[in-house]
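The values are calculated or read from the model by the stated rules, or taken from the named source; none is laboratory data. What you see is a predicted model; the values in this text were computed from it and never measured. Neighbour counts are summed over all protein chains in view; Cβ atoms, including those assigned to glycine, are modelled from backbone coordinates with ideal geometry. For accessibility, only protein heavy atoms count, side chains too; no ligands or nucleic acids. Shrake-Rupley method; radii C 1.70, N 1.55, O 1.52, S 1.80 Å.
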Amino acid sequence: MKHPLALLALLAATAAGAETPRGLLDTYAAEAASRTPGFQASARRGADFFGRRFGVSEKMPACVSCHTEDPAQAGRHAITGKDIKPLAPRANPARFTDAAKAEKWFGRNCGEVVGRPCSAAEKADLLRFLAEGA
Amino acid sequence: MKTALCALLLAAGLPLSARADRLPLPADAPPAYAAECGSCHLAFPPALLAAADWRRVMAGLDRHYGDNAALDADTARVIGDFLARHGGNADRYANAGTPPRLTATAWFQRKHRKVPSPLWQDARVRSAANCSACHPQAEQGRYGERDIALPELRHRREH
């Protein structure tokens, strides 16, 4: 259930590293549309999500706690201080080219920051924002 | 003195990694170690924590020092075996605490006794586990005093 069919198919069909940010965005958007007919990914909703303070975790209240307000810039891990390469594919072409990697980090970071898995709609919105800016 | 010791070690046929300021990842490190355990912090030198402590770290990855580092079982086993193989001497790296921290061991504390305590909280450092803040060549396994990044720490060495 947490791994919808579309994504499973994508994971099975492609070798690690073979995906594109656009392809991932389309997969998430198609899945969201299958639940909410007419769904369109929105960079503005993605920006809002990225900057929102969920307040579930004291040390990492928001995505921006580590990825910084501008995802085209390098971030810094809120606890360990380690540099994190930019999350936006327009600044870092290695991003979102491996569906399994993206899913692993969505799983971890949504769990810690949002307190639950992110929905396909939230991921599609976020990817549009990261690809295009707000 | 240090150089002399080094020459001795070399003459004795010991690998360079036996020096305390050279701690490169062992050659048999699985790629997953740097990829998975080097994403949120440095992929720490396995020799700086005892094998039993590495096992404790690997047993609780889903609740990992206030973060979630959970891995699939296969990857976790490969990494766990590697860390257990290269874990350090349990007496030397005693007192890692719970959860185990290589930065808490008696050895680490001794090596870092000259670091003034406010520096650990300095904005440039943030955490003792942020090795690269002071050792910019840490990813290459280089911890020599000449490589220390913070100027106030470099000058302290000159008397």
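Below is a table of values for the structure above.
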read-out: Spherically averaged projected area of the protein assembly as shown from its Cα convex hull (nm²); value: 17.4 nm²
read-out: For the protein assembly as shown, calculated [θ]222 nm from helices alone, where every DSSP H run of n ≥ 4 adds -39500 (n - 2.57); value: -11500 deg cm²/dmol
read-out: The protein assembly as shown, accessible area per residue, ligands and nucleic acids excluded (1.4 Å, Å²); value: 56 Å²
read-out: Cα-based shape type of the stretch B:25-101, given that a ≥ b ≥ c are square roots of the gyration tensor eigenvalues and the cut on a/c is 1.5; value: oblate
read-out: Simple spin-label estimate for A:Arg35 and B:Ala59 in nanometres, 7 Å along Cα-Cβ; value: 3.7 nm
read-out: Gyration tensor verdict on the stretch B:112-159 (Cα atoms; rounded if a/c is under 1.5, prolate if a/b is larger than b/c, oblate otherwise); value: oblate
read-out: Carbon plus sulfur fraction of accessible area for the stretch B:25-101, probe 1.4 Å, in percent; value: 54 percent
read-out: Prolate/oblate/rounded label for the stretch A:4-133 (Cα gyration tensor, a/c 1.5); value: prolate
read-out: Sequence-distant residues sharing a close amide H with B:Arg142 (under 5 Å, placed H); value: B:Leu23
read-out: Proportion of all alpha-carbon pairs of chain B beyond 23 Å (%); value: 41 percent
